[in-house]
Amino acid sequence: SSTVPCVQNDSWGKQYSHALFKAMSHMLCIGYGQQAPEGMTDVWLTMLSMIVGATCYAMFIGHATALIQSLDSSRRQYQEKYKQVEQYMSFHKLPGDTRQRIHEYYEHRYQGKMFDEENILGELSEPLKEEIINFNCRNLVANMPLFANADPNFVTAMLTKLRFEVFQPGDFIIREGTVGKKMYFIQHGVVSILTKGNKETKLSDGSYFGEICLLTRGRRTASVRADTYCRLYSLAVDNFNEVLEEYPMMRRAFETVAMDRLDRIGEQEGPPGLSTATPRAPRPTDA
């Protein structure tokens with residue numbers, strides 16, 4: 001080749017640059033570069049260079065892909081989960097409006113990211129777990145006079161038992177005639193309490209409902225419907241009783257308010273089993 005003598009007579013920098021260019025042509029372009037190899041030595045060196053280049057290129061792509069995925073693993077986990085949901089909806093041939101409601105539910109419930117929160121919190125120590133839960137529920141605590149007036153230990157015990165739930169507009173959170181197994185705290189949203197007399201009562205952020213049925217073990221005599229997207233925290237009856245057994249003064253406060261509400265319900269024919277009142281944390285001097 002007429003180029004080789006020219007390169008051989010050039011400076012060391014130009015020779016190195018030419019060699020680097022030819023090596024990169026083999027390794028990155030996965031070919032023999034600008035000039036075809038001449039002689040068996042060039043052929044075998046070029047093939048070796050191409051094999052090494054192809055291997056390095058594949059490793060680079062694999063590591064780059066893994067790095068990008070690890071930067072936002074929670075979003076990738078959400079996308080993988082939602083693909084399964086889409087396949088499930090397609091397999092069962094669900095109608096379009098139901099699919100849209102499921103899509104909107106996932107968007108509001110997980111907001112594009114999915115964590116195994118129960119497993120994460122379960123691996124932490126109790127002080128760390130309580131600190132995280134108190135921080136996550138800080139807005140709920142700030143908006144609820146029930147928690148503001150209560151013993152901080154009672155508040156922490158309640159918060160660790162809560163379960164986060166999301167309801168869409170038009171969903172019935174509580175249906176009339178069912179057994180009361182949960183009470184609910186409203187973090188964000190508006191709900192309507194529907195009575196037999198078609199009387200509606202609106203509840204919003206910082207309110208709670210359903211606690212009287214947990215005390216009386218009775219059935220719901222009113223329904224509760226979500227008017228907007230509602231972010232609620234639910235407390236199961238077993239957890240409710242477990243916490244109140246530990247704090248009997250708060251149980252008496254709940255029962256006092258419940259009796260007062262039931263008396264008013266009897267006079268106004270309102271909905272037993274639902275309450276918007278806030279029990280006052282009793283002082284040590286209270287009976």
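Points to keep in mind about this one:
- Shape analysis of region 135-182 places it in the prolate category; the axes a ≥ b ≥ c from the Cα gyration tensor give an a/c of at least 1.5, with a/b above b/c.
- Count Lys and Arg as plus one, Asp and Glu as minus one, and take only other residues whose Cβ is under 15 Å from that of C230; the net charge is then +1.
- On the beta carbon distance between F91 and N134, with R0 = 35 Å, the FRET formula returns roughly 0.25.
- Largest-first ordering by accessible area, 1.4 Å probe, given options I132, I212: I132, I212
- With each label modelled as a point 7 angstrom along the Cα→C-beta vector, the A19-Q100 pair spans 6.8 nm.
- Note on exposure: R231, R252, R217 ranked by accessible area (1.4 Å probe, complete protein assembly) read R217, R252, R231, with the most exposed listed first.
- Ligands, DNA and RNA excluded, the heavy atoms of M183 present near 0 Å² of accessible surface to a 1.4 Å solvent probe.
- Spin-label model distance (nm) - R219 vs A236, 7 Å beyond Cα toward Cβ: 2.4 nm
- Efficiency of FRET from Cβ geometry, S70 and T156, R₀ 35 Å, rounded to 0.05: 0.55
- Sulfur and carbon atoms: percent of accessible area, region 74-225 [1.4 Å]: 48 percent
- Solvent exposure, largest accessible area first (probe 1.4 Å, DNA, RNA and ligands not counted), of D72, D238: D238, D72
- Sequentially through region 141-149, phi angles give Karplus couplings (6.51, -1.76, 1.60; θ = phi - 60°) of 5, 5, 8, 10, x, 4, 7, 5, 9 Hz, Gly and Pro residues having no value and appearing as x.
- Nearest-10 value in Å² for the accessible area of D116, using the 1.4 Å probe: 80 Å²
- For region 117-267, the solvent-accessible area of protein heavy atoms averages 51 Å² per residue (probe radius 1.4 Å; ligands and nucleic acids excluded).
- Taking 0.36 nm per residue of separation and subtracting the Cα-Cα distance, full extension of the segment from W12 to T256 would add 78.4 nm.
The values are calculated or read from the model by the stated rules, or taken from the named source; none is laboratory data. Just so it is clear, the structure is predicted and the values come from calculations on it, not from any experiment. Note: ideal-geometry Cβ built from the backbone for every residue, glycine included; neighbour counts use all protein chains shown. Accessible surface areas use protein heavy atoms only, side chains included; no ligands, DNA or RNA. Shrake-Rupley method; radii C 1.70, N 1.55, O 1.52, S 1.80 Å.
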